[in-house]
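Note sheet for the following structure.
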Amino acid sequence: MKDEILKTQRTTKETDISAELKLYGNGKCEISTGIGFFDHMLEAFGKHALLDLKITCKGDTHVDFHHSVEDVGIVIGSLLKETIYPVSGVERFGDSVVVMDEAAVSCALDLSNRAFLVYENLDEKGKIGEFDIELAEEFFRAVAMNANITLHIAKIRGKNNHHIIEATFKAFAVALRRALSKNNRIATPSTKGVL
C-alpha cells in the first residue's frame with residue numbers, strides 16, 4: 001500500500017486527463033471534467049472515501065460525455081490499482097448501504113486483484129442535468145476493471161434519479177473506505193498468501 005500522492009496523465013484523441021490521488025487523505029477534491037453532475041459525484045466520492053482527488057479532464061463533450069466519464073474511471077481505477085496492491089494490513093472487504101431520502105443503494109467490494117462488476121437493479125434511464133444516467137455504470141465498470149477490484153452495486157429502492165445515482169457513488173466511497181481501513185493484524189489478506 002502506498003500512502004503518497006500518485007499522479008498520472010492520460011491523453012487520447014478523445015480525452016486529455018491529469019489526475020492526482022492520495023489514498024489516505026481528508027476528502028479534499030479539485031474536480032473539473034466539464035460535466036457538472038459528474039464533478040458533483042466525484043467530489044462526493046472523494047469526500048466519503050476520504051481520498052484526496054484532483055482531476056482535470058478535457059474531453060470531446062461536444063460529441064457526448066461517454067468518453068470523458070469512462071476515461072476518468074480508467075484513470076481513477078489505474079491510480080487505485082497502483083496504490084492498493086500489493087494488499088497488506090487492511091480489511092480488504094468493505095460494504096455499505098447509503099440512503100438519500102427515498103433511495104437506498106448497497107455496495108460490497110473486495111480488494112481481490114481480480115476485476116469484476118455486478119451492477120443490479122439500476123435500470124434508470126434519461127438524464128440528470130446533462131448527464132446520461134447510463135454513464136454511471138460505465139464509470140464503475142472502468143474503475144473496477146482498471147483497479148482490479150470485485151465490485152457489487154445494487155439499488156435497494158428509490159424513485160428520484162439524482163438521489164439514486166448520488167447514493168451509488170457514496171455507497172462505493174464508504175465501502176472502499178472500509179475495505180482500506182488499516183488493520184495491522186492482517187499481514188496477508190488471503191489464504192493464498194498473495195492477491
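Taking square-rooted eigenvalues a ≥ b ≥ c of the alpha carbon gyration tensor, is segment 124-174 rounded, prolate or oblate, where a/c under 1.5 means rounded and, failing that, a/b exceeding b/c means prolate? It comes out oblate by the Cα gyration axes. Here the average projected area of the convex hull drawn through the C-alpha atoms of segment 18-91 stands at 5.0 nm².
Listed by chain and number, the aspartates and glutamates placed with their C-alpha closer than 20 angstrom to that of K155 are D95, D101, E102, D110, E120, D123, E124, D132, E134, E137, E138, E166; residues fewer than eight positions away on the same chain are left out. Listed values for segment 89-101 are Karplus-derived 3J(HN,Hα) couplings in whole Hz (6.51 cos²θ - 1.76 cosθ + 1.60, θ = phi - 60°), namely x, 10, 4, 6, 9, x, 8, 6, 10, 10, 10, 9, 6, and x replaces Gly and Pro.
Note on the chain: Cα-only Rg and Dmax are 15.9, 51 Å.
Look at the dipole of segment 7-152 built from charges on Cβ: of A103, I84, G27, the Cα furthest out on the positive end belongs to I84. In the chain, a dipole from Cβ-located charges (positive for Lys and Arg, negative for Asp and Glu) runs towards its positive end, and of I165, T8, H66 it is T8 whose Cα lies farthest in that direction. With 26 Å as the limit, the listed pairs K22/K125; K7/K170; K81/K127 have K22/K125; K81/K127 beyond it between alpha carbons.
Need one value: the accessible area of E30 in square angstrom, 1.4 angstrom probe, rounded to the nearest 10. Here the accessible area works out near 90 Å². In this view, the solvent-accessible surface of K28, computed with a 1.4 Å probe and all protein chains in place, comes to about 140 Å². Of all aspartates and glutamates in the structure, the ones whose alpha carbon falls short of 13 Å from that of K54, not counting any fewer than 8 places away in one chain, are E20, E30, D39, E43. Between H62, H163, H40, the residue with the greatest mean-square fluctuation in the GNM of the chain (Cα pairs under 10 Å linked by springs) is H62. Put the Cα centre of segment 27-89 next to the Cα centre of segment 144-168 and the gap is 15 Å. Among the trypsin sites (Lys or Arg not before Pro) within segment 53-129, those in coil by DSSP and having at most 13 neighbouring Cβ atoms inside 10 Å are R114, K125. Taking the chain as a Gaussian network of alpha-carbon nodes connected by springs under 10 Å, the highest mean-square fluctuation of the residues E137, E14, E102 belongs to E102. A simple spin-label model places the labels of D60 and D3 4.3 nm from each other, with each point 7 Å out along Cα-to-Cβ.
Surface composition of the chain: carbon and sulfur make up 47 percent of the accessible area, probe 1.4 Å.
The values are calculated or read from the model by the stated rules, or taken from the named source; none is laboratory data. Owing to the predicted nature of the structure, the values given are computational and were not obtained by experimental measurement. Every residue, glycine among them, receives a Cβ derived from its backbone with ideal geometry; neighbour counts consider all protein chains shown. These area figures cover heavy atoms from the full protein model, side chains too; ligands, DNA and RNA do not enter into them. Shrake-Rupley method; radii C 1.70, N 1.55, O 1.52, S 1.80 Å.
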